[in-house]
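First comes the structure, then the notes that go with it.
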Amino acid sequence: MTDLTMQALIIESANTPFKRIQLAKPVPQQGQALVKIKASGVNPLDTKIRAGVAAHARQALPAILGMDLAGTVEALGPGVTSLRVGDDVYGLAGGIGGLQGTLAEYVAVDAELLAIKPDTLSMREAAALPLAAITAWEGLVDRANIQADQTVLIHGGAGGVGSVAVQIAVAKGAKVYATGSAAQKNTIEGLGAVAIDYNEHPVEAYVERHTGGAGFDIVYDTVGGPVLDSSFVAVREYGGHVVSCLGWGTHRLAPLSFRAATYSGVFTLIPMITGRGRARHREILNAITALVEAGKLRPLLRQETFDFRSIEAAHALVASGKTNGKVVVDIAW
């Protein structure tokens, strides 16, 4: 391999093994930064793209997968003023919408999608955050306009998006509750929320117990399916707001309407797919950096390490849905 080439992992068609290939090293174009990738986060959506069941991500195969990255800026294309060579950055940078993914040594990425990495996080920790953090922020801040002293319910409080959403809500001064399993109780409480065991307590019971039957001001569904339906029952009457980042399926809106509440969907991929609004991702990550450096937010990271040689195991673990903490791949040989 020369300085003009790079190593990458590619998926040639749905459900096929990763293949290691050598490609030309990207050259940053107008508005782009060339990033030497140090770590790449693995998201459930990555495994769905690989399986060929994520048409909404608009990533045709063959492709280099991987959306989250942390790394160092090696070169800048014309017109980039927000970054400098040598900056350590992180971002939701590729792997969808026809964009090169982050399971590679380098990527040329729109500089508007990158933010300066928090000094207090390692590359692995930073790579665990972008998709989850942006999704959490868009739901709570951009859609629901969270305010101090509100009651907030996060469904899936120990998951990737949910764990970040809990910490954002706590940092905003809300009273936060989060659903999870009994085994996740300590994790949820360690993030600052009141844990609700969804296996033991039906929605009507915990709404009565924690809100006196009034409902929560904001309910963020990060699980989908019937959990979204239960969110419509859990939200506060007359002014409550439900947000979901997994609004799949067919749902009855009558329970929401009868409570005179509102609903918003979150689709974090829009700026990636359309090219519009990408600077908002950078703004959100800058806000996340501030929370991290203030000690108010930390990623839940699986301690087991993975690299290109163990990528199959990393994807299998995420696809199983049984991982505790974000899986991150070190871009190393």
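The values are calculated or read from the model by the stated rules, or taken from the named source; none is laboratory data. Since we're looking at a predicted model, the values are computed, not measured. Reconstructed Cβ throughout: ideal geometry from the backbone, glycine too, with neighbour counts over all protein chains shown. Ligands, DNA and RNA are stripped out before the accessible areas are found, and what is left, the full protein with its side chains, is counted by its heavy atoms. Shrake-Rupley method; radii C 1.70, N 1.55, O 1.52, S 1.80 Å.
Of note:
- The residues of the chain present an accessible area of 42 Å² per residue when probed at 1.4 Å with all protein chains retained.
- DSSP beta bridges in the chain [antiparallel fraction, %, rounded to 5]: 55 percent
- For the chain, alpha-carbon Rg over 2.2 N^0.38 Å: 0.99
- The order of Phe232, Phe258, Phe267 by accessible area, most exposed first and with a 1.4 Å probe, is Phe258, Phe267, Phe232.
- Positive minus negative residues near Phe232 (Lys, Arg vs Asp, Glu; Cβ under 12 Å): 0
- For the chain, size of Cβ-based charge dipole, Lys and Arg +1, Asp and Glu -1, in debye: 320 debye
- Positive-end residue of Ala313, Ala178, Met272, charge dipole of the chain with Cβ unit charges: Met272
- Environment charge at Pro299 (Cβ cut-off 11 Å; Lys +1, Arg +1, Asp -1, Glu -1): +2
- Loop trypsin sites (Lys or Arg not before Pro), the range 169-254, which have at most 15 other Cβ atoms in a 10 Å radius of their Cβ (DSSP): Arg252
- Check: the range 236-321 dipole with +1 on Lys, Arg Cβ and -1 on Asp, Glu Cβ, in debye: 300 debye
- Note on the chain: with neighbouring protein chains present and a 1.4 Å probe, carbon and sulfur make up 52 percent of its accessible heavy-atom surface.
- Computed from backbone phi with θ = phi - 60° and the Karplus coefficients 6.51, -1.76 and 1.60, the 3J(HN,Hα) list for the range 284-295 is 5, 5, 4, 5, 5, 4, 4, 5, 4, 6, 8, x Hz; x is used for glycine and proline.
- Percentage relative contact order, the chain, counting C-alpha pairs under 8 Å, at least six apart: 18 percent
- Only helices enter this figure: runs of n ≥ 4 DSSP H residues, each worth -39500 (n - 2.57), summed and divided by the residues of the chain, yield -7500 deg cm²/dmol at 222 nm to the nearest 500.
- Cα centroid separation, the range 123-186 to the range 239-295 (Å): 12 Å
- According to the Kirkwood relation over distinct C-alpha pairs, the hydrodynamic radius of the range 74-128 is 12.1 Å.
- 12 Å beta-carbon shell around Gly79, net charge (K/R +1, D/E -1): -2
- Accessible area (Å², 1.4 Å probe, nearest 10) - Glu283: 100 Å²
- Projecting the Cα atoms of Ala132, Leu61, Leu99 onto the charge dipole of the range 36-147 (Cβ charges, centred on the Cα centre) puts Leu61 farthest toward the positive pole.
- Working note: Cα gyration tensor of the range 205-333, eigenvalues times five, square-rooted, sorted largest first, giving semi-axes of 33, 19, 17 Å.
- Taking amide H as placed 1.01 Å from N in the peptide plane, the amide H of Phe216 sits under 5 Å from that of Val235, Arg236, each at least 5 places away or on another chain.
- For the pair Thr81 and Glu189, label points projected 7 Å from Cα toward Cβ lie 5.2 nm apart.
- For the range 32-151, taking Cα atoms only, Rg and Dmax work out to 15.1, 48 Å respectively.
- 25 °C / 0.890 mPa s Stokes-Einstein diffusion coefficient of the range 175-223, Kirkwood radius on C-alpha pairs, µm²/s: 219 µm²/s
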